[in-house]
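Below is one structure, written out as structure tokens; comments come after it.
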Amino acid sequence: MNITIIGSGYVGLVTGTCFAELGNKVICVDNDAQKIRHLKTGHVPIYEPGLEDLIKKNVRKKRLFFNSDLKSAVKKAEVIFITVGTPAKGNGEADLTGIENVARNIAHCMTGYKLIVEKSTVPVETGEWVKRTIEIHNHKKHKFDVASNPEFLREGQAINDFMHPDRIVLGVESNKAKNILTSLYRPLKAPILITDIKSAELIKHASNSFLAAKISFINAVSEVCERVGADVTRVAQGMGMDKRINELFLDAGVGYGGSCFPKDIDAFVTISEKLGYDFGLLKEVREINLAQKHNFIKKIEDNLWIIKNKTIAVLGLAFKPNTDDIRSAPAIDIIKRLEAEGAKIKVYDPCAMPKAREVLKGIKFCKDPYDAARESDCLIIVTEWNEFKELDLVRMKKCLKRPLIIDGRNIYEPQQMKKLGYKYISMGRPKVL
Ligand code: UDX
């Protein structure tokens, strides 16, 4: 199929490249001409394992193209995916300016039937607005359909998520749209759920909110565990053995971050409010997530007493492992708060330091975890990179001024840490001193 992807950000690039890999002819469009120039020369502006190689392969095979000319890209494609950003406005609402612009531009450039698919995460009823916008500007009255096909790609494993999805959600209004999209996705041999557009839009917001709720739930349970000396990892294990619950997204820690969960929950709360429903449950999910960062900082204070002029080594900046993304990363908030209290910060992250340099000034970026720990009063772990799980903790102890580790992701075994002579504090687990 001839496919055009409008918006060559994270979702657009992964989606476009994977469709090309499945044998389609794909044009990825972006209004950032410099980004397109870089992509044409094989430079990928985001870090996603495997993506650069897959892009190069499909460019070589002449299945994947990059262009900033929307008009020709719309003309050539029967199926057009909208994957532009929907950033949060100050009030938590999603800013849909990009979607409206694209819908209008598509209408102006249409030369025949087009299937326009919204893939960006959008509030329910956006599909209706896209349709109305195209109708207004589609002066030559070309036939078209609008569909919703939300993405469920996790950063760090997006290609695998695309190629092996748990499900594909198609919100459609016509048989033609349904047939085009089901044949496009057929090679993936994944379960396909066909539904109406509004339900498809809601599936995305409801799924991400539910996952965030799962994380906040276990974080709340971890608070209770700490008060009675129980172990939240064992509680989560026992809960997860129930198939109805399952063990995923039950890791207690400093809370969720990233470009999706915080933004999507804000947007879902706001759209529900607009529709006349107060989604109090989700507001609490948000509050618990915020509280986790405070709880973590309190552990640092409880163990260092005065923060001012203490040197704190921070391991991990990315909002989760295997990405360089620091959007809404707990580490950034935690560091800013510690800095405000007068701490000297030394950090190390395997991938996210270049991006963090743009937002964190006056802290020391280190060449490895041991360098960060050298002469520090304590070591804190904020992202659970595998590299940190495999540290030489005997060597690490010699680097630190005192053997104190405060672990926001529960990556070490408390008993083992005790044997090594550490004071080890983690999340929702009994203190082993
Ligand atoms: C998420 C959704 O999973 C994906 O389907 C959606 O389309 C985009 O948003 P992503 O933001 O890449 O993906 O990250 P994810 O792996 O879901 O993790 C989100 C956050 O939750 C991270 O900060 C992670 O550290 C945190 N998390 C996750 C926990 O704190 N505990 C857990 O048990 C799981």
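Quick note: the coordinates plus some simple rules give every number you see, no bench work behind them. Being a predicted model, the structure only gives us computed values, none of them experimental. Using ideal geometry, Cβ is built from the backbone for each residue, glycine included, and neighbour counts are taken over all protein chains shown.
Between the stretch 143-211 and the stretch 56-75, what's the alpha-carbon centroid distance in Å?
23 Å
Over the Cα atoms of the stretch 2-195, each weighted equally, I'd like the Debye log10 I(q)/I(0) at q = 0.11, 0.18 Å⁻¹, rounded to two decimals.
Debye output, listed in q order: -0.45, -1.31.
Do the alpha carbons of any pairs in Lys214/Lys431; Lys89/Lys283; Lys35/Lys283; Lys198/Lys293 sit beyond 29 Å of each other, and which pairs?
In this structure, Lys35/Lys283; Lys198/Lys293 lie more than 29 Å apart at Cα.
Please report the relative contact order for the stretch 311-417, taking Cα pairs under 8 Å with a sequence separation of at least 6, and give it as a percent rounded to a whole number.
This gives 31 percent for the stretch 311-417.
Amide H neighbours of Val432 under 5 Å, at least 5 residues apart or on other chains, H built in the peptide plane: list them.
Placed amide hydrogens put Tyr424 under 5 Å from Val432.
Find, among the chymotrypsin sites (Phe, Trp or Tyr not before Pro) in the stretch 99-201, those assigned to loop by DSSP (not H, G, I, E, B) with at most 14 other beta-carbon atoms within 10 angstrom.
Tyr113
Apply the Karplus parameterisation 6.51 cos²θ - 1.76 cosθ + 1.60, with θ equal to phi minus 60°, to every residue of the stretch 303-320 and state each ³J(HN,Hα) to the nearest whole Hz, in sequence, with x for glycine and proline.
9, 9, 6, 9, 7, 3, 6, 7, 9, 10, 8, 10, 9, x, 10, 4, 5, 6
Taking amide H positions as placed 1.01 Å from N in the peptide plane, with prolines and chain starts having none, which residues 5 or more places from Asp145, or on another chain, fall under 5 Å of its amide H?
Distant-sequence amide H within range of Asp145: Lys114, Leu115, Ile116.
Taking the Cα centre as origin and putting +1 on Lys and Arg beta-carbons and -1 on Asp and Glu beta-carbons, what dipole magnitude results for the stretch 2-195, to the nearest 20 debye?
Charge dipole, the stretch 2-195, about its Cα centre: 1040 debye, nearest 20.
Expressed as cubic angstrom per residue, what is the convex hull volume of the alpha carbon set of the stretch 271-319?
About 117 Å³ per residue, rounded to a whole number.
Using modelled backbone amide H atoms (1.01 Å from N, in-plane), which distant-in-sequence or interchain residues come within less than 5 Å of Phe365's amide H?
Val347
Relative contact order (percent) for the chain, with alpha-carbon contacts under 8 angstrom and 6 or more residues of separation?
11 percent
With charges only on Cβ, +1 for K and R and -1 for D and E, what is the dipole size of the stretch 211-425 about its Cα centre, in debye, rounded to 20?
Dipole magnitude for the stretch 211-425 comes out near 720 debye.
Would you mind calculating the relative contact order of the stretch 245-388 from Cα pairs under 8 angstrom and at least 6 residues apart, reporting the percent as a whole number?
Relative contact order for the stretch 245-388 comes out at 27 percent.
For the stretch 211-425, just list the percent of Cα-Cα distances falling in each 10 Å bin from zero outward, please.
Pair shares across the bins are 8, 33, 36, 18, 5, 1.
For every helix of n ≥ 4 consecutive DSSP H residues, a contribution of -39,500 (n - 2.57) applies; sum these over the chain, divide by its total residues, and give [θ] at 222 nm rounded to the nearest 500 deg cm²/dmol.
-14000 deg cm²/dmol
Considering only the chain, what is the antiparallel percent among its DSSP beta bridges, to the nearest 5?
About 5 percent, rounded to the nearest 5.
Given a cut-off of 29 Å, name the pairs among Lys25/Lys189; Lys131/Lys243; Lys140/Lys189 whose C-alpha atoms lie farther apart than that in the structure shown.
From the list (Lys25/Lys189; Lys131/Lys243; Lys140/Lys189), the Cα-Cα distance tops 29 Å for Lys131/Lys243; Lys140/Lys189.
So which trypsin sites (Lys or Arg not before Pro) in the stretch 152-217 end up in coil per DSSP with only 10 or fewer other C-beta atoms within 10 Å?
For trypsin sites (Lys or Arg not before Pro) across the stretch 152-217 that sit outside H, G, I, E and B with at most 10 neighbouring Cβ atoms in 10 Å, the list reads Lys189.
When Lys and Arg each count +1 and Asp and Glu each count -1, what net charge do the other residues less than 15 Å away from Glu100, Cβ to Cβ, add up to?
With Lys, Arg at +1 and Asp, Glu at -1, the neighbours total -2.
Filter the cross-link list Lys76/Lys204; Lys176/Lys263; Lys57/Lys263; Lys346/Lys401; Lys320/Lys389; Lys40/Lys364 down to pairs whose alpha-carbon distance in this structure exceeds 24 Å.
Long pairs (Cα-Cα over 24 Å): Lys76/Lys204; Lys176/Lys263; Lys57/Lys263; Lys40/Lys364.
Give me the base-10 log of I(q)/I(0) for the chain at each q in 0.14 Å⁻¹, Debye formula, one uniform scatterer per Cα, rounded to two decimals.
-1.26
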